[in-house]
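Derivation of every value follows stated rules applied to the coordinates shown; laboratory data play no part. This is a predicted model, so every value here is computed, not measured. Heads up, the Cβs are rebuilt from the backbone with ideal geometry, glycines too, and the neighbour counts pull from every protein chain shown.
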Amino acid sequence: MKTLLKVSSLSKYYTVKEGFFRKKVSILKAVDDVSFEIFSGETLGLVGESGCGKSTLGRTVLRLNEATSGDIFFKGISLASLGGGDLRKIRRSMQMIFQDPYSSLNPFMTIEETLKEPFYVHSVGTSSEQDECIRFLLDKVRMPLSYLKRYPKDLSGGQRQRIAIARALALKPDFIVADEPVSALDVSIQSEVLQLLSSFKEEFGFSCLFISHDLAVVEQISDRVAVMYLGSLVEIARKEDLFSSPKHPYTKALLEAVPRPVYDEERRKKYFSLKPLDEKMRSPLGCAFYSRCPLATRICSEEKPMLKGAGNNPFNHKVACHHVT
Amino acid sequence: MEKEFNPMAENILEVENLEISYPSSFSEEAVVREIFFQIKQGEVVALVGESGSGKTQVSLSIIRLLADEARVAGKILLAERGDLLLLTEKQMNKIRGKDISMIFQEPMTALNPVFTIGFQIVEALRAHKSYSKKEAREQALYLLKQVKIPNPETRLDEYPHELSGGMRQRVLIAIALASQPKLLIADEPTTALDVTTQAEILDLLRELQKKSKISILFITHNLGVVAELCDSVLVMYRGKIVEQGSVKAIFEKPSHPYTKLLMNSVPRLGEKLRVQELPPSFQNKISENACIFFERCSFRDQDICGSSEPQFKVLSEEHKSACFFPEKVGEKKL
């Protein structure tokens with residue numbers, strides 16, 4: 001398979017000023033030395049708790065945030081070195097879908113204007129070609145043409161998200177970052193939008209970085225899944241491998257924590273095993289999961305584990321843990 | 001009725017024919033109606049339904065926190081206290097926080113940002129019992145230990161912004177339990193939390209519930225949480241209870257088409273998304289007397305369901321469904 005996007009040792013640090021007169025400066029490592037690849041036509045799911053840096057990672061990959069260090073290669077071109085016009089040109093083939101369709105659509109623009117915006121920004125097509133394209137897109141996201149003259153306020157959450165998807169697809173991008181695109185929607189609407197997204201993936205053949213905190217959602221749409229914990233990737237594997245034989249203790253805990261909608265005497269008696277996160281126990285050198293990990297030993301507090309192959313399929317299944325082989 | 005007979009013997013709460021309406025010049029229609037249920041001592045009851053189904057209205061009516069315009073009819077009987085709807089505001093204040101406590105969905109907004117955690121727990125403690133300063137602080141510390149907050153001594157003097165969402169929810173649980181209430185109303189207490197934090201909070205609630213035999217009314221839309229924590233389930237749809245029963249009965253044999261729909265639309269780990277079977281749309285105007293689920297129901301019978309509202313059918317000792325064909329619905333595999 002061809003690599004479309006390669007992220008190498010990407011980091012994004014924020015400086016946090018606190019204390020009296022904000023003199024005390026500390027560094028928050030939102031994304032810390034993250035590397036991965038996305039192949040063409042593939043969807044990589046990215047899961048983690050809130051605050052683990054998954055959205056920052058998604059934005060930094062598109063250079064919506066400037067990286068502190070590291071580089072991103074899109075079709076072999078280094079994005080970090082690109083400036084102004086070149087970056088703008090390459091952005092045409094990279095799009096983003098945001099979480100909250102209530103704030104990602106401009107309330108003063110009609111649906112038609114919103115969908116035309118990408119064509120206008122990148123000066124693509126004549127006016128009639130643009131119109132044709134918009135009609136095609138609207139049909140694809142199963143919305144009637146009468147909606148063209150309406151404003152976002154007239155639309156429900158699910159409809160707005162479909163417009164946001166149509167806008168992202170307008171210029172036939174090769175790569176889309178979808179940041180929690182269904183978390184703001186009700187369960188029944190969620191499944192509708194997910195089905196739409198996966199059918200487009202087949203049809204248009206784009207690659208996707210799909211960010212979500214919901215494991216069941218990620219499982220439905222991804223080919224491979226990466227698990228993030230406090231700024232680092234702890235496990236990355238093919239979907240089947242990750243869900244059937246998770247290796248990292250955090251991934252295991254995450255899967256165990258999802259409540260199952262089935263009556264099960266055993267699960268009703270069982271207690272969740274993970275210790276609560278205690279900020280004061282975090283060691284700057286060692287593994288980020290150290291204070292909560294049931295397997296933790298001395299080495300875990302001293303040395304940060306790197307992602308390395310594990311299990312039966314070491315090329316596709318990588319885990320960052322000293323105790324997993 | 002014989003004198004010794006006490007219907008409240010093991011029920012902590014009995015709700016009888018509760019109806020809530022917001023009278024306006026346009027309509028008198030009730031937002032919640034015909035609600036009957038009981039909560040036994042030490043029982044965890046789930047109240048499930050989609051947004052707008054009236055779950056929160058029911059819970060707020062029990063603790064009498066509905067808006068002033070709300071018109072509430074029926075009976076809400078609390079053990080040893082009688083009908084809550086007949087009490088004055090002053091009498092009610094003695095019950096809130098003491099007999100009945102509540103925890104809310106948003107741990108971010110439920111705490112006051114300008115006071116320390118300790119101050120807010122002590123405030124709850126002193127509302128119903130007099131404590132000296134030292135005693136109150138000790139008691140607050142004990143409560144923080146109960147809800148398993150690491151380093152409770154230092155946490156007491158911290159402000160809410162210094163705590164994570166899960167920790168704040170623990171503090172709120174500590175405040176709710178301060179006066180050892182008989183009934184805890186938990187309105188979506190884990191919805192805003194991450195899965196691992198959610199699991200921790202559920203464990204905590206389960207443990208506290210076992211220890212103190214408190215009854216919990218747990219409002220949620222997450223069926224997974226219901227299956228793992230609750231003993232019995234009330235399913236609400238458009239202001240009415242459509243199915244109620246033990247958690248085992250509801251999950252093994254859901255017998256109302258709405259419960260069935262809910263079960264089918266939850267994404268489950270390790271399973272492909274189930275494609276929803278949608279009923280053919282109904283062209284004629286739906287009669288006012290029709291079953292409330294008529295439009296969305298794939299089991300409906302044009303004549304029977306279209307002309308009258310179904311009454312509860314008893315399926316087993318603790319399982320009832322407000323549907324004309326509960327057996328047919330229950331038989332069909334999920």
Practice task
With a/c under 1.5 counting as rounded, go ahead and sort chain A into rounded, prolate or oblate using the C-alpha gyration tensor (a ≥ b ≥ c being the square roots of the eigenvalues; past the cut-off, prolate if a/b is larger than b/c, else oblate).
Solution key: prolate
Exercise for the section: Relative to the longest principal axis of the C-alpha atoms of chain B, give the angle of the C-alpha long axis of helix B:195-212, reported between 0 and 90° and rounded to the nearest 10°. Expected result: 80 degrees
Exercise for the section: With r as the distance between the Cβ atoms of A:LEU64 and A:ARG135 and R0 = 30 Å, compute the FRET efficiency 1/(1 + (r/R0)^6) and round to 0.05. Expected result: 0.50
Fill in the blank from the handout: Net charge near A:LEU87 (other residues with Cβ under 15 Å of its Cβ; Lys, Arg +1; Asp, Glu -1) is +4
Problem - At q = 0.10, 0.15, 0.16, 0.24 Å⁻¹, base-10 log of I(q)/I(0) for region B:1-109 (Debye sum, equal scatterers on each alpha carbon) - result: -0.33, -0.72, -0.82, -1.57
Handout entry: Relative intensity, log₁₀ I(q)/I(0), of chain B from a Debye sum that treats every alpha carbon as a point, q = 0.13 Å⁻¹
Key = -1.05
Problem - Proximal lysines to A:LYS23, defined as alpha-carbon separation beneath 30 angstrom and excluding residues fewer than eight positions away on the same chain - result: A:LYS12, A:LYS54, A:LYS280, A:LYS304
Fill in the blank from the handout: The extension gain from A:SER273 to A:ASP186, computed as 0.36 nm times the residue separation minus the Cα-Cα distance, is 28.3 nm
Problem - Rounded Å value of the spacing that divides the Cα centres of region B:162-227 and region B:103-142 - result: 17 Å
Completion exercise
Packing-ranked peptide list from B:177-185, A:225-233, highest mean Cβ count within 10 angstrom first, is A:225-233, B:177-185
Fill in the blank from the handout: With +1 on the Cβ of every Lys and Arg and -1 on the Cβ of every Asp and Glu, the dipole magnitude of the protein assembly as shown about its Cα centre, in debye rounded to the nearest 20, is 1660 debye
Exercise for the section: Could you list the GluC sites (Glu not before Pro) in region A:1-69 that lie in coil according to DSSP, counting only those with at most 12 other Cβ atoms within 10 Å of their Cβ? Expected result: A:GLU66
Exercise for the section: Arrange the peptides B:309-315, B:241-247, A:304-310 so that the one whose residues have, on average, the most other Cβ atoms within 10 Å appears first. Expected result: B:241-247, A:304-310, B:309-315
Exercise for the section: Counting helices only, and only those DSSP H runs with n ≥ 4, report the 222 nm mean residue ellipticity of the protein assembly as shown as the sum of -39,500 (n - 2.57) divided by its residues, in deg cm²/dmol to the nearest 500. Expected result: -9500 deg cm²/dmol
Problem - Theoretical FRET efficiency, 1/(1+(r/R0)^6), r = Cβ-Cβ of A:LYS172 and B:GLU89, R0 60 Å, to 0.05 - result: 0.40
Completion exercise
Note: B:188-201 gets an average of partner chain Cβ contacts (10 Å, Cβ to Cβ) equal to 5
Practice task
Can you check what the Kirkwood hydrodynamic radius comes to for region A:74-150, Cα pairs only, in Å to one decimal?
Solution key: 14.5 Å
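Restricting to Cα pairs below 8 Å that are 6+ residues apart, what does the relative contact order work out to for region A:146-261? Please round to a whole percent.
Values: 89 pairs, mean separation 20.8, N = 116.
Once normalised by length, the contact order is 18 percent.
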Practice task
Identify all aspartates and glutamates with a Cα-Cα distance to A:LYS247 below 12 Å; exclude those on the same chain that are fewer than 8 residues away in sequence.
Solution key: A:GLU235
Exercise for the section: Report the residues of region A:35-70 in range of a label on A:MET1: point 7 Å along Cα→C-beta, backbone N strictly under 14 Å from it. Expected result: A:36-46
Exercise for the section: When a/c is below 1.5 the answer is rounded, else prolate if a/b is larger than b/c, else oblate, so apply that to region A:229-325 with a ≥ b ≥ c taken from the square roots of the Cα gyration tensor eigenvalues. Expected result: oblate
Problem - All-pairs Cα distance distribution in region B:108-180, expressed in whole percent, bin size 10 Å - result: 22, 61, 17, 0
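Using the structure shown, select from B:LYS55/B:LYS253; B:LYS40/B:LYS260; A:LYS269/B:LYS134 the pairs with a Cα to Cα distance greater than 29 angstrom.
Too far apart for the 29 Å limit: A:LYS269/B:LYS134.
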Exercise for the section: Taking chain B as the reference, fit the longest principal axis to its C-alpha atoms, fit the long axis of helix B:133-146 to the helix C-alpha atoms, and give the angle between the two in degrees, 0 to 90, nearest 10. Expected result: 40 degrees
Practice task
Label region A:61-105 by shape, choosing from rounded, prolate and oblate, from the square roots a ≥ b ≥ c of the eigenvalues of the Cα gyration tensor; if a/c is under 1.5 it is rounded, and otherwise prolate applies when a/b is larger than b/c, oblate when it is not.
Solution key: prolate
Exercise for the section: Return the average number of partner chain Cβ atoms within 10 angstrom of each residue Cβ along peptide B:222-235. Expected result: 3
Exercise for the section: Would you kindly state how much longer the chain becomes between B:LYS332 and B:ASN151 on full extension, computed as 0.36 nm times their sequence separation minus their alpha carbon distance, in nm to one decimal? Expected result: 60.0 nm
Completion exercise
Output for the protein assembly as shown (equivalent-ellipsoid semi-axes, sqrt of 5λ from the C-alpha gyration tensor, Å, descending) is 44, 35, 24
Problem - Average partner coverage of A:45-52, which counts Cβ from other chains inside 10 Å - result: 2
Handout entry: Reachable aspartates and glutamates from B:LYS313, criterion Cα separation under 14 angstrom, eight or more residues apart if same chain
Key = B:GLU243, B:GLU327
